[in-house]
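Peer 1: Take this structure first; my questions come after.
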Amino acid sequence: MGPADLAHVLSELPREQHPDLLVGVETSDDAGVFRLSDDLAVINTVDFFTPVVDDPYTYGLISAANSLSDVYAMGGEPKTALNIVCFPQDGVDKTVLADILHGGAAKVREAGAALVGGHSVADEEIKYGLAVTGVVHPQRVVRNVGAQVGDVLILTKPLGTGIITTALKRGRLRDRHDTEYTAAVDSMARLNRTASHVMARYTVHACTDITGFSLMGHGYEMAHGSGVSLRLRAAQFPVLPGALRLASEGYLTGGCKRNRSYLADKVRVSPGLTAQLAELAFDPQTSGGLLMAIPESEANACVQALENAGSPAAVVLGEVVPHTEHWVEIVED
């Protein structure tokens, strides 16, 4: 569902009022957080989607990594997961489902969590994901609001997964034989666990993971909830191999167009920016990286720590500024 439709539906729902509900739906945060005691809170999140690659096992890996990501974005550790499966009654070999589930289970084990069950329904189109429960200390919850003027913005994974998977679906890429494909799969299947652990060592004022609403969409949520604006520098964008070329060839998603439409009066793109870089900013990401707002004095050390921990694409790509006419602005350099 597009962000505009979702925002409209959610606006009609009553707001939960509970003294131990630390994070609800008010700021479109990555997950809900509920306090159980003075030193323990649970994080709840759910995510599932249709296949983004052809290989069932790889799809399971990616979808599970994407589902687990919200817990990491909040500064928590996943503990249990439940499978969510939509699968055709007929016409698709059940070994496909088995491979998907094996991939998901492998990624849950890598996260150090336990897969404890799930639920399935018959559906004409395959869908898979997880409902995940994590834990965090109530005083260490990292939210998507709280960014402060003077902070800089760090992104931990490259952009372009939506463009590349669209090219794959349309037959432009030859699956696992293309370097563009393998780079995208490696990024999508990589847990945000290490990045979250690095984040815990620094003064991160706000964090969110970049997924379907794109860098611009999730950046808007951070800026709006924090009462600030974000200035993003396109020259610093980390980009997956081939993403800009494929964007120039027209391999854009419907989600990209919906994100652009929803954000049209909320963000600004420099007129001098290339069309390909602009599309990248609105491209829906699958299992994207963490976007952190951190004091400038700690940024270089944090980026170096991320690189040392296996996040070579981590980069400072902008800064937090006082609120202006637009919540997010992309400049050329």
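The values are calculated or read from the model by the stated rules, or taken from the named source; none is laboratory data. Computed from a predicted structure; not experimentally measured. Every residue, glycine as well, gets a Cβ built from its backbone with ideal geometry; the counts of neighbours run over all protein chains shown.
Peer 1: Just to be sure before I move on: is Tyr128 assigned by TED's automatic domain parsing to the domain that holds Gly225 and not β-branched (Val, Ile, Thr) in the structure I sent?
Peer 2: no
Peer 1: Say whether the condition of being under 20 Å from Thr194 (Cα atoms) and out of contact with any Phe, Trp or Tyr (no Cβ under 6 Å at 6 or more places or on another chain) is met by at least one residue in segment 84-99.
Peer 2: Looking for residues that are under 20 Å from Thr194 (Cα atoms) and out of contact with any Phe, Trp or Tyr (no Cβ under 6 Å at 6 or more places or on another chain), one finds none in segment 84-99, hence no.
Peer 1: Follow-up question, since we're still on this one. Taking Ala223 as meeting all but one of (1) small (Gly, Ala, Ser); (2) crowded, with 17+ Cβ neighbours inside 10 Å; (3) without any contact (Cβ under 8 Å) to a residue 24 or more places away in the chain, write down the number of the exception.
Peer 2: Ala223 satisfies all of (1) small (Gly, Ala, Ser); (2) crowded, with 17+ Cβ neighbours inside 10 Å; (3) without any contact (Cβ under 8 Å) to a residue 24 or more places away in the chain except (3).
Peer 1: Looking at (1) surrounded by 15 or more Cβ atoms within 10 Å (Cβ to Cβ); (2) outside any helix (DSSP H, G or I); (3) of a type outside the set (A, V, I, L, M), which one does Asp333 not meet, given that it meets all the others?
Peer 2: Exception for Asp333: condition (1).
Peer 1: Moving to a separate point now. Condition (residue is at pLDDT 95 or above, crowded, with 23+ Cβ neighbours inside 10 Å, in contact with a Leu (Cβ under 9 Å, 6 or more places away or on another chain) and assigned to a helix (DSSP H, G or I)) applied to segment 167-182: is it met by at least one residue? So that I can check it myself, show each step before the final result.
Peer 2: Initial filter on segment 167-182 (at pLDDT 95 or above): none.
Checked segment 167-182: no residue is at pLDDT 95 or above, crowded, with 23+ Cβ neighbours inside 10 Å, in contact with a Leu (Cβ under 9 Å, 6 or more places away or on another chain) and assigned to a helix (DSSP H, G or I).
Residues are listed down the side, and each one gets a yes or a no for (1) buried (at least 18 other Cβ atoms within 10 Å of the Cβ); (2) more than 19 Å from the chain's Cα centre (by Cα); (3) under 23 Å from Gln285 (Cβ atoms):
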{"site": "Pro78", "(1), (2), (3)": "yes, no, yes"}
{"site": "Gln89", "(1), (2), (3)": "no, yes, no"}
{"site": "Thr95", "(1), (2), (3)": "no, yes, no"}
{"site": "Glu125", "(1), (2), (3)": "no, yes, yes"}
{"site": "Gly129", "(1), (2), (3)": "yes, no, yes"}
{"site": "Arg143", "(1), (2), (3)": "yes, no, yes"}
{"site": "Gln148", "(1), (2), (3)": "no, yes, no"}
{"site": "Asp151", "(1), (2), (3)": "yes, yes, yes"}
{"site": "Leu155", "(1), (2), (3)": "yes, no, yes"}
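Peer 1: What is the number of the single condition among (1) under 21 Å from His218 (Cβ atoms); (2) loosely packed, with under 12 Cβ neighbours inside 10 Å that Glu16 does not meet?
Peer 2: It fails just one condition, (1).
Peer 1: Another question about this same structure. Which pairs do you get when a residue that is among the charged types (D, E, K, R), found in segment 196-210, comes within reach of a residue that is in a strand (DSSP E or B) and modelled with pLDDT of 95 or more, reach meaning Cβ atoms under 7 angstrom, with the pair 6+ apart or on two chains?
Peer 2: Once the first residue is among the charged types (D, E, K, R) and sits in segment 196-210, its partners that are in a strand (DSSP E or B) and modelled with pLDDT of 95 or more give Asp209/Leu290.
Peer 1: So which strands (runs of 3 or more DSSP E) stay within segment 197-283 end to end and still have 3 or more residues that are within 17 Å of the chain's Cα centre (by Cα), closer than 21 Å to Asn66 by Cα and among the aliphatic types (A, V, I, L, M)?
Peer 2: Result: empty, no element qualifies.
Peer 1: Evaluate segment 198-205: report whether one residue or more is of a type in the set (Gly, Ala, Ser), in contact with a strand residue (DSSP E or B) (Cβ under 9 Å, 6 or more places away or on another chain) and not assigned by TED's automatic domain parsing to the domain that holds Gly32. Working first, answer last.
Peer 2: At the first step, the residues of segment 198-205 found to be of a type in the set (Gly, Ala, Ser) are 200.
With the extra rule that they be in contact with a strand residue (DSSP E or B) (Cβ under 9 Å, 6 or more places away or on another chain), the set shrinks to none.
Within segment 198-205, none of the residues are of a type in the set (Gly, Ala, Ser), in contact with a strand residue (DSSP E or B) (Cβ under 9 Å, 6 or more places away or on another chain) and not assigned by TED's automatic domain parsing to the domain that holds Gly32.
Peer 1: How many residues does segment 247-280 contain that are in contact (Cβ under 8 Å) with a residue 60 or more places away in the chain and touching a strand residue (DSSP E or B) at 6+ places or on another chain (Cβ under 6 Å)?
Peer 2: Within segment 247-280, residues that are in contact (Cβ under 8 Å) with a residue 60 or more places away in the chain and touching a strand residue (DSSP E or B) at 6+ places or on another chain (Cβ under 6 Å) number 5.
Peer 1: So, one more: Restricted to segment 65-96, and to residues that are without any contact (Cβ under 8 Å) to a residue 60 or more places away in the chain and part of a helix (DSSP H, G or I), which residue is farthest from Arg109 (Cα to Cα)?
Peer 2: The residue in question is Lys94.
Peer 1: Which of the following residues is of a type outside the set (Ser, Thr, Tyr), modelled with pLDDT under 95 and in contact with a strand residue (DSSP E or B) (Cβ under 7 Å, 6 or more places away or on another chain): Asp70, Asp54, Asp90, Asp30?
Peer 2: Values: Asp70 fails: modelled with pLDDT under 95; Asp54 fails: in contact with a strand residue (DSSP E or B) (Cβ under 7 Å, 6 or more places away or on another chain); Asp90 fails: in contact with a strand residue (DSSP E or B) (Cβ under 7 Å, 6 or more places away or on another chain).
Of the residues listed, the single one that is of a type outside the set (Ser, Thr, Tyr), modelled with pLDDT under 95 and in contact with a strand residue (DSSP E or B) (Cβ under 7 Å, 6 or more places away or on another chain) is Asp30.
Peer 1: Now for a different question. When segment 190-243 is examined, which residues are found to be among the hydroxyl-bearing types (Ser, Thr, Tyr) and more than 23 Å from Leu280 (Cβ to Cβ)? Talk me through it step by step, then tell me what you get.
Peer 2: The first filter runs over segment 190-243 and keeps only residues among the hydroxyl-bearing types (Ser, Thr, Tyr), leaving 194, 196, 202-203, 208, 211, 214, 220, 226, 229.
Correct list: Thr194, Ser196, Tyr202, Thr203, Ser226.
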